[in-house]
């Protein structure tokens, strides 16, 4: 019997001789990829199909100089605000009065945390020709960064984000640290820096109401005007730029973050806006335009989406379903974050390694006058 068994395996193992004992084992439960026997016909490629990754947009548009100043949950970073200096007229011989400087500070609280934890089985790892544990760890770190982008961008635009922080579209009333200025609302933004349909006097049979989204359509080549029911994407961006100008926000360091629907409307209006159409590098880590009305323009799926998101093909003014884009300056928001714990330990209940990590971060709006938001829908 053993002789016949050995002959049946000769084409697989030329060193199999009479007298050799071929051991066959039952497949363990949960390992359908491993057959009965002492070999596996499944060969794992050394090439890994990696998921698309993008660098953090938040890291590009915020002041993250405080990265190295946090160590654990509950840490607080005190940020000193640049003092405001008054300039007085001078008359010869008049007594000069020195101004007492206001040493106002803000608290950047490290009060947000996310984690990952996964298990890598010894058998699966042994049959893999790649470092499966390292590959999974890298992916986990990326997912932490993506969740970080989603929450912080929602905070910057005045909304909570869906996946970890209740439902998208809920006004963000979770104030981090101290409110920057007393005129800021519960979402730490200024009401005067929130653009809606009333800013363009849109009309869908009746005058626009506060809070209704701007209905945008591209201004096609040759068109001289747009109907009173719509605005063009460049009109919206120009208005955002004007509001920042009126707040004396420096033009150097401005950015704009839009979602893919708004970006598509921009491209429909004028494809020359995009570097990739004229031999540029195209989409890189969300940056699609280096300079448009003074803005670096990023596209991100992490922009807030309220209700069902930006409606497509509707000229009706809406206050419950819309997308949100936002613009600002690099100094408007401070962030501090780090993955401070990544550890591996043996699973006491199985033959496997457990890997877990924790991401700590905080975010703080320092200059609410340097952030402007716009809610929109598309009308085509």
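The values are calculated or read from the model by the stated rules, or taken from the named source; none is laboratory data. Because the structure is a prediction, the values reported are computed rather than measured. In this analysis, Cβ positions are derived from the backbone assuming ideal geometry, glycine residues included, and neighbour counts consider all displayed protein chains.
Scanning region 72-83 for residues that are surrounded by 10 or more Cβ atoms within 10 Å (Cβ to Cβ) and touching a strand residue (DSSP E or B) at 6+ places or on another chain (Cβ under 6 Å) gives 73, 76, 77, 78, 79.
Let's see how each residue does on (1) surrounded by fewer than 16 Cβ atoms within 10 Å (Cβ to Cβ); (2) touching a strand residue (DSSP E or B) at 6+ places or on another chain (Cβ under 8 Å); (3) at pLDDT 80 or above; (4) assigned to a loop (DSSP other than H, G, I, E, B):
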| site | (1), (2), (3), (4) |
| --- | --- |
| 263 | no, yes, yes, no |
| 277 | yes, no, no, no |
| 280 | yes, no, no, yes |
| 303 | no, yes, yes, yes |
| 310 | no, yes, yes, yes |
| 348 | yes, no, yes, yes |
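Answer with yes or no whether residue 296 is part of a helix (DSSP H, G or I), modelled with pLDDT of 85 or more and either closer than 26 Å to residue 369 by Cβ or out of contact with any helix residue (DSSP H, G or I) (no Cβ under 9 Å at 6 or more places or on another chain) (or both). So residue 296 fails the test. Does at least one position in region 125-135 carry a residue that is exposed (fewer than 15 other Cβ atoms within 10 Å of the Cβ), closer than 30 Å to residue 151 by Cα and under 28 Å from the mean Cα position of the chain (by Cα)? Checked region 125-135: at least one residue is exposed (fewer than 15 other Cβ atoms within 10 Å of the Cβ), closer than 30 Å to residue 151 by Cα and under 28 Å from the mean Cα position of the chain (by Cα).
Each residue in region 84-105 was checked for being surrounded by 10 or more Cβ atoms within 10 Å (Cβ to Cβ) and modelled with pLDDT of 85 or more, and 1 of them qualify.
Restricting to region 125-135, and then to whatever is over 18 Å from residue 342 (Cα atoms) and out of contact with any helix residue (DSSP H, G or I) (no Cβ under 7 Å at 6 or more places or on another chain), can you tell me which residue is modelled with the highest pLDDT? Among those residues, the one meeting the criterion is 126. Within the set of pairs 6 or more residues apart or between chains, which connect a residue that is part of a loop (DSSP other than H, G, I, E, B) inside region 217-234 to a residue that is modelled with pLDDT of 75 or more and exposed (fewer than 12 other Cβ atoms within 10 Å of the Cβ) with Cβ atoms less than 9 Å apart? These pairs meet every condition: 228/201.
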